[in-house]
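Structure first, then comments.
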Amino acid sequence: HNAVLRVLYFFLRHSYGIDQTPVLPYIPGDSDIGSVVENERCRIYWDFSFSTTRLLSANRPDIVLLDKETRSIYMIEFSAPAEINIGLKEEEKRSKYQDLQMELRKMYPKHKVKIVVLIIGVLGGAKDSLLMELKTIPACKSAAWQLAMRMQQAVILGSLRLLRTHDLYH
């Protein structure tokens, strides 16, 4: 889960000029990820719990990108379910964060708030919606295909790692 998200997170950091070094194809697991990074163009939250005026069951999206230039907020949620559950997980993630979306709209009334749901099956399968969702983030629009492939590779490598760790591939 986090290995896949690191691909997108570091791409966003690079795209918005937070990092000057080239994006690595695979980000090591021990990378230093702060819960909030920011510059004059954006603020990026990693696994950050948002304080809200009312108690919410879900207030901690995987990544939140606040684009200061376009006044847009992207709540990015990822999951890697069994292929048969991709559609179900997509709906579940979207409904899970609707309350937080409304709260963020109140907190940032001049911003558009969008939920971006990225689902890749545990074997690397994905619906067309993966590319469409990635393209809703302006920084990812032209690189959506490459990002999707790198994220799928991270899912497959993670699945293989799990199989090897638990000796399930024999």
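The values are calculated or read from the model by the stated rules, or taken from the named source; none is laboratory data. Note that the structure is a prediction, hence the values are computed from the model and not measured. No Cβ is skipped: glycine too gets one built from the backbone with ideal geometry, and neighbour counts run over all protein chains shown. When the accessible area is computed, the model is the full protein with side chains, heavy atoms only, and any ligands, DNA or RNA have been set aside. Shrake-Rupley method; radii C 1.70, N 1.55, O 1.52, S 1.80 Å.
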Checklist (1) open to solvent by 40 Å² or more (accessible area, probe 1.4 Å); (2) under 15 Å from the mean Cα position of the chain (by Cα); (3) among the acidic types (Asp, Glu) applied to GLU90, failing item: (1)
Residues of the range 21-37 satisfying the condition of being at pLDDT 75 or above, in a loop (DSSP other than H, G, I, E, B) and open to solvent by 30 Å² or more (accessible area, probe 1.4 Å): ILE33, SER35
Within the range 97-121, count every residue that is open to solvent by less than 90 Å² (accessible area, probe 1.4 Å) and either under 16 Å from the mean Cα position of the chain (by Cα) or of a type in the set (Lys, Arg) (or both). 12
Does ALA154 satisfy being in contact (Cβ under 8 Å) with a residue 40 or more places away in the chain, part of a helix (DSSP H, G or I) and either out of contact with any His (no Cβ under 8 Å at 6 or more places or on another chain) or more than 18 Å from ASN2 (Cβ to Cβ) (or both)? yes
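Every residue, every condition in (1) under 19 Å from ALA144 (Cα atoms); (2) in contact (Cβ under 8 Å) with a residue 60 or more places away in the chain; (3) in contact with a Phe, Trp or Tyr (Cβ under 7 Å, 6 or more places away or on another chain), yes or no:
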position	(1), (2), (3)
ASN39	no, no, yes
TRP46	no, no, yes
ASN59	no, no, yes
LYS96	no, no, no
LEU100	no, no, yes
ILE115	yes, no, yes
ILE119	yes, no, no
GLY125	yes, no, no
Taking LYS141 as the residue in question, decide whether it is assigned to a loop (DSSP other than H, G, I, E, B), modelled with pLDDT of 90 or more, of a type outside the set (A, V, I, L, M, F, W, C) and touching a Lys or Arg at 6+ places or on another chain (Cβ under 9 Å). no
Considering only the range 113-123, I want to know if a residue exists there that is of a type outside the set (Val, Ile, Thr), modelled with pLDDT of 95 or more and in contact with an Asp or Glu (Cβ under 7 Å, 6 or more places away or on another chain). yes
Do we find a residue being assigned to a loop (DSSP other than H, G, I, E, B), closer than 19 Å to PHE10 by Cα and of a type in the set (D, E, K, R) anywhere in the range 63-74? yes
Check LEU160, LEU147 and return the single one that is at negative phi, assigned to a helix (DSSP H, G or I) and open to solvent by 10 Å² or more (accessible area, probe 1.4 Å). LEU160
Say we look at the range 38-62 and pick out the residues that are part of a strand (DSSP E or B) and touching a strand residue (DSSP E or B) at 6+ places or on another chain (Cβ under 7 Å); which of these is most open to solvent (accessible area, probe 1.4 Å)? ARG43
Some residue of the range 92-102 being within 24 Å of ILE73 (Cα to Cα) and among the aliphatic types (A, V, I, L, M): yes
Any residue in the range 1-21 that's without any contact (Cβ under 8 Å) to a residue 24 or more places away in the chain: show its pairings with residues that are crowded, with 18+ Cβ neighbours inside 10 Å at Cβ separation under 6 Å, as long as the two are six or more apart or on different chains. PHE10/ILE27; ASP19/ARG13
